[in-house]
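Read through the structure below, which is laid out as structure tokens, and then see the notes.
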Amino acid sequence: MSQQYPSRIRYEYEQDQENRPHYAHGVWGGINPQGEIEINFYLESDKMPPYSERLVAPDGSFGHEMAPYDDDVRTIVRHIHSRVVMNYHTARAMLEWLEDKIVALEAEEEGGVPPITFDDGGFQHQ
């Protein structure tokens, strides 16, 4: 009995209702004990003070706002908003995808138009 395979596979994309874009200033992660790559995307900002105060003058006017800061130390908070765990093959595919996008961005910055290519399925790639 001969097995029939489809001539193509279509992937359709749906977004989770809770999906929202995140800006990333960097990543932190590594290889976990199961041999997978963990990437934690973070956004950096100055740490908010635990409180702030304003002096009130006898006439009821406000003075400037004051907060307890250490002039010798600047504290930056890295808020990790997304964690991605992937295997080797997915990481390799992601690396290739990123390299393609970087080449396209560099070509655009240099005033050139990134090349348009088509894969065997007829899908356009830049």
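Summary of values
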| read-out | value |
| --- | --- |
| For the chain, calculated [θ]222 nm from helices alone, where every DSSP H run of n ≥ 4 adds -39500 (n - 2.57) | -6000 deg cm²/dmol |
| Solvent-accessible area per residue, Å², over the chain with all protein chains present [probe radius 1.4 Å] | 96 |
| Accessible carbon and sulfur surface of the chain relative to its total accessible area, %, 1.4 Å | 53 |
| D (Stokes-Einstein, µm²/s), Kirkwood Cα radius, segment 5-50, 1.002 mPa s at 20 °C | 141 |
| Positive-end extreme of charge dipole, segment 1-91 - chosen from 40, 86, 61 (charges on Cβ) | 86 |
| Candidate values (i) 2, 11, 22, 24, 18, 12, 5, 3, 1, 1, 0, 0; (ii) 2, 7, 8, 11, 12, 13, 12, 8, 7, 5, 4, 4, 3, 2, 1, 1, 0, 0, 0, 0; (iii) 2, 11, 18, 17, 12, 10, 9, 7, 6, 4, 3, 2, 0, label of the one derived for P(r) over Cα pairs in 5 Å bins from 0, in percent | (ii) |
| Vicinal HN-Hα couplings computed from phi for segment 20-25 (Karplus, 6.51 cos²θ - 1.76 cosθ + 1.60; Hz; Gly/Pro x) | 9, x, 10, 8, 10, 8 |
| J(HN,Hα) series, segment 29-38, from Karplus relation 6.51 cos²θ - 1.76 cosθ + 1.60, nearest Hz, glycine and proline x | x, x, 9, 7, x, 8, x, 9, 9, 10 |
| Cα-centre dipole for the chain with unit charges at Cβ (Lys and Arg positive, Asp and Glu negative), debye to 20 | 440 |
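The values are calculated or read from the model by the stated rules, or taken from the named source; none is laboratory data. These numbers come from a predicted model, not from an experiment. So basically every Cβ, Gly included, is an ideal-geometry build from the backbone, and we count neighbours across all protein chains shown. Please note that ligands, DNA and RNA were not included when accessible areas were found on the heavy atoms of the full protein model with its side chains. Shrake-Rupley method; radii C 1.70, N 1.55, O 1.52, S 1.80 Å.
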